[in-house]
Amino acid sequence: MKTYIPKADEIKRSWFVVDLEGATLGKAAIKVANILRGKDKPIFTPHMDTGDYIVAINASKVVMSGNKERDKKYYRHSTYPGGLKVTSYATKMRKDSPSVFVHAVKGMLPKSRLGRKIIEKLHVYGDANHKHQAQKPEMLKITD
């Protein structure tokens, strides 16, 4: 029996809207990453992008369990000596809440050209307004 490999023109991509209000950050990120990757489809192939587009709204209203809202830190380094920058979760949420959700989803995708291509299909907005009405996205329920 031959293994089925989908052709690039056979892949049908849909648009979904995910409301993150009150959702737990990690649980929502897992579900969104699986849809972006295409793992919910029967044609899933690990080396191909078979996933759908996601528009995530209300990213500023996402929550974390336990003391993570107080204790979580984000690190980046400039590659120069002494160039470590540390930002707390609360500060990052206040300044740029969509980047927190993008960071969580990006960490669950492959660290390769494929992962960089997949993350481009994620569009995150801090409030309920988005500019993708023309794609007629379907509402997707993220339940904890």
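If you scan segment 1-51, which residues turn out to be of a type in the set (Lys, Arg), closer than 30 Å to Lys68 by Cα and without any contact (Cβ under 8 Å) to a residue 24 or more places away in the chain? Please lay out each step first, then the result.
Filtering segment 1-51 down to residues of a type in the set (Lys, Arg) leaves 2, 7, 12-13, 27, 31, 37, 39, 41.
Of the ones still in play, those that are also closer than 30 Å to Lys68 by Cα are 27, 31, 37, 39.
Scanning segment 1-51 gives a single hit, Lys39.
Can we say Ile30 is touching an Asp or Glu at 6+ places or on another chain (Cβ under 6 Å) and not charged (D, E, K, R)?
Details: touching an Asp or Glu at 6+ places or on another chain (Cβ under 6 Å): no; not charged (D, E, K, R): yes.
Against the criterion (touching an Asp or Glu at 6+ places or on another chain (Cβ under 6 Å) and not charged (D, E, K, R)), Ile30 does not qualify.
Looking at the structure I just gave you, is Ser97 touching a residue at least 60 places away in the same chain (Cβ under 8 Å), out of contact with any strand residue (DSSP E or B) (no Cβ under 8 Å at 6 or more places or on another chain) and either β-branched (Val, Ile, Thr) or surrounded by 14 or more Cβ atoms within 10 Å (Cβ to Cβ) (or both)?
Numbers: touching a residue at least 60 places away in the same chain (Cβ under 8 Å): no; out of contact with any strand residue (DSSP E or B) (no Cβ under 8 Å at 6 or more places or on another chain): yes; either β-branched (Val, Ile, Thr) or surrounded by 14 or more Cβ atoms within 10 Å (Cβ to Cβ) (or both): yes.
Spelling it out, it is not the case that Ser97 is touching a residue at least 60 places away in the same chain (Cβ under 8 Å), out of contact with any strand residue (DSSP E or B) (no Cβ under 8 Å at 6 or more places or on another chain) and either β-branched (Val, Ile, Thr) or surrounded by 14 or more Cβ atoms within 10 Å (Cβ to Cβ) (or both).
What is the residue count in segment 18-56 for residues that are touching a strand residue (DSSP E or B) at 6+ places or on another chain (Cβ under 7 Å) and exposed (fewer than 14 other Cβ atoms within 10 Å of the Cβ)?
1
Taking segment 57-71 as the search range and keeping residues that are β-branched (Val, Ile, Thr) and touching a helix residue (DSSP H, G or I) at 6+ places or on another chain (Cβ under 8 Å), which one is surrounded by the fewest Cβ atoms within 10 Å (Cβ to Cβ)? Walk me through it before giving the result.
Looking only at segment 57-71, we keep the residues that are β-branched (Val, Ile, Thr), and these are 57, 62-63.
Imposing the further condition that a residue be touching a helix residue (DSSP H, G or I) at 6+ places or on another chain (Cβ under 8 Å) reduces the set to 62-63.
Values: Val62: 23, Val63: 14.
Result: Val63.
Leu140 fails exactly one of the following numbered conditions: (1) touching a residue at least 40 places away in the same chain (Cβ under 8 Å); (2) among the hydrophobic types (A, V, I, L, M, F, W, C); (3) closer than 25 Å to Arg70 by Cα. What is the number of that condition?
(3)
Consider segment 109-144. How many of its residues are of a type in the set (A, V, I, L, M), surrounded by fewer than 17 Cβ atoms within 10 Å (Cβ to Cβ) and under 12 Å from the mean Cα position of the chain (by Cα)?
Start the filter on segment 109-144 by keeping residues that are of a type in the set (A, V, I, L, M), which leaves 109, 114, 118-119, 122, 124, 128, 134, 139-140, 142.
Of the ones still in play, those that are also surrounded by fewer than 17 Cβ atoms within 10 Å (Cβ to Cβ) are 114, 119, 128, 134, 139.
Adding the requirement that they be under 12 Å from the mean Cα position of the chain (by Cα) leaves 119.
Total satisfying the criteria: 1.
Could you tell me which numbered condition His132 fails, if it satisfies all but one of (1) within 25 Å of Lys12 (Cβ to Cβ); (2) without any contact (Cβ under 8 Å) to a residue 60 or more places away in the chain?
(2)
Look through segment 107-132, keep the residues that are in contact with a Pro (Cβ under 8 Å, 6 or more places away or on another chain) and of a type outside the set (Gly, Ala, Ser), and return whichever of them is farthest from Leu20 (Cα to Cα).
First, pick out the residues of segment 107-132 that are in contact with a Pro (Cβ under 8 Å, 6 or more places away or on another chain): 118, 124-126.
Narrowing further to those that are of a type outside the set (Gly, Ala, Ser): 118, 124-125.
Details: Ile118: 20, Val124: 10, Tyr125: 10 Å.
Of everything passing the filter in segment 107-132, Ile118 is farthest from Leu20 (Cα to Cα).
Since every read-out is calculated from the coordinates, none of them should be taken as a lab result. Given the structure is predicted, the values throughout are model-derived calculations rather than measurements. Every residue, glycine among them, receives a Cβ derived from its backbone with ideal geometry; neighbour counts consider all protein chains shown.
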